[in-house]
Amino acid sequence: NAGVTQTPKFQVLKTGQSMTLQCAQDMNHEYMSWYRQDPGMGLRLIHYSVGAGITDQGEVPNGYNVSRSTTEDFPLRLLSAAPSQTSVYFCASSTGQNNSPLHFGNGTRLTVT
Amino acid sequence: GDSVTQMEGPVTLSEEAFLTINCTYTATGYPSLFWYVQYPGEGLQLLLKATKADDKGSNKGFEATYRKETTSFHLEKGSVQVSDSAVYFCALQVGGSQGNLIFGKGTKLSVKP
């Protein structure tokens, strides 16, 4: 019963490097999203998707790209990492229906030096 | 815009003490309300939810009642345990939000034996 799987768990990047955070879910959920968690800021929505081929911006999308080619996968790309992107990143999924709760992965801790 | 305000932490209690974590919200329409819990090193897990006014969500001894008149959804537990030490997030989902949740900043609870 895997649920939402995120890889890697930890990553250190140098400023300007690019990378992709992976997220996969096995619950056939239509809705998937990426949040970042920073001290004193709670969780802020980066990007979300309501189905394969559909993505949209959240509250803090700058510096991040996403795509949704399959229902299962929703990778998050950092094009040119900056120290301000040091954070813990969470992927989440749900059925997308009203009142449906989010199911979260265990997070990726990213440090940009 | 829609928002959630939680009491500032950290909160430190002795085992078997009574817990209240305040949460108020601002939202258009009639949101669904959620409490999530995050244990150290893990992602967020749904603790309880309420979908309409006067509903009471409950789970693992925790309760919260959806109060429309005071726009509140305070989390309570009668007798906390050391294992309840975690960060607690209040969140809302507005109808038509396509599954997006808006989170409070979180309240860290530490329970001492």
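The values are calculated or read from the model by the stated rules, or taken from the named source; none is laboratory data. Quantities reported herein were computed from a predicted structural model and do not represent experimental measurements. When we count neighbours, we look across all protein chains shown, and the Cβ atoms used for this are built from the backbone with ideal geometry, even at glycine.
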- Task: Sort out which residues of region B:87-106 are more than 9 Å from every other protein chain (Cβ to nearest Cβ) and more than 12 Å from the chain's Cα centre (by Cα), and write them in order of number.
- Result: B:Val94
- Query: If a residue has to be at pLDDT below 95 and more than 23 Å from B:Leu92 (Cβ to Cβ) to count, how many in region A:62-102 make the cut?
  - Reply: 1
- Going through region A:85-107 in order, the residues found to be crowded, with 21+ Cβ neighbours inside 10 Å, in contact (Cβ under 8 Å) with a residue 40 or more places away in the chain and in a loop (DSSP other than H, G, I, E, B) are A:Leu102, A:Gly105, A:Gly107
- For region A:44-66, how many residues meet the condition of being among the small types (Gly, Ala, Ser) and part of a strand (DSSP E or B)? 2
- Task: Those residues that are of a type in the set (Gly, Ala, Ser) and either more than 27 Å from A:Thr108 (Cα to Cα) or assigned to a loop (DSSP other than H, G, I, E, B) (or both), I need them from region B:1-41; list them, please.
- Result: B:Gly1, B:Gly9, B:Ser14, B:Ala17, B:Ala27, B:Gly29, B:Ser32, B:Gly41
- Message: Quick test of your reading of the structure: A:Thr71 fulfils all but one of (1) touching a strand residue (DSSP E or B) at 6+ places or on another chain (Cβ under 7 Å); (2) surrounded by 16 or more Cβ atoms within 10 Å (Cβ to Cβ). Name the failing condition by number.
- Response: (1)
- Task: Taking the residues in region A:85-113 that are of a type in the set (S, T, N, Q) and under 12 Å from the mean Cα position of the chain (by Cα) as candidates, determine which candidate is farthest from the other protein chains (Cβ to nearest Cβ).
- Result: A:Ser87
- Taking region A:8-22, which residues are within 19 Å of B:Gln38 (Cα to Cα) and in a strand (DSSP E or B)? A:Phe10
- Meets criteria (over 16 Å from B:Lys77 (Cβ atoms) and surrounded by 12 or more Cβ atoms within 10 Å (Cβ to Cβ)) for B:Thr12: no
- Quick one: which residue in B:Gly41, B:Gly61 is small (Gly, Ala, Ser) and closer than 27 Å to A:Val88 by Cα? B:Gly41
- Message: One residue is enough: does region B:45-53 have a residue meeting the conditions under 13 Å from the mean Cα position of the chain (by Cα), surrounded by 15 or more Cβ atoms within 10 Å (Cβ to Cβ) and basic (Lys, Arg)?
- Response: yes
- Note on the structure: Of the listed residues (B:Ser58, B:Ser110, B:Ser79), the one being more than 14 Å from every other protein chain (Cβ to nearest Cβ), outside any loop (DSSP other than H, G, I, E, B) and either in contact (Cβ under 8 Å) with a residue 60 or more places away in the chain or among the aliphatic types (A, V, I, L, M) (or both) is B:Ser110
- Message: Against the definition (within 14 Å of another protein chain (Cβ to nearest Cβ), exposed (fewer than 13 other Cβ atoms within 10 Å of the Cβ) and under 23 Å from A:Gly3 (Cα atoms)), how does B:Gly29 come out, yes or no?
- Response: no
- Query: Does region B:75-89 contain any residue that is among the small types (Gly, Ala, Ser) and surrounded by 20 or more Cβ atoms within 10 Å (Cβ to Cβ)?
  - Reply: yes
- Pick from region A:74-84, criterion over 24 Å from A:Asn98 (Cβ atoms) and either aromatic (Phe, Trp, Tyr) or loosely packed, with under 15 Cβ neighbours inside 10 Å (or both), ranking: farthest from the other protein chains (Cβ to nearest Cβ): A:Ser80
- Task: Collect the residues in region A:40-55 that are crowded, with 16+ Cβ neighbours inside 10 Å and at the interface with chain B (Cβ under 10 Å from one of its Cβ atoms), keeping them in residue-number order.
- Result: A:Gly42, A:Leu43, A:Arg44, A:Leu45, A:Tyr48, A:Ser49, A:Val50
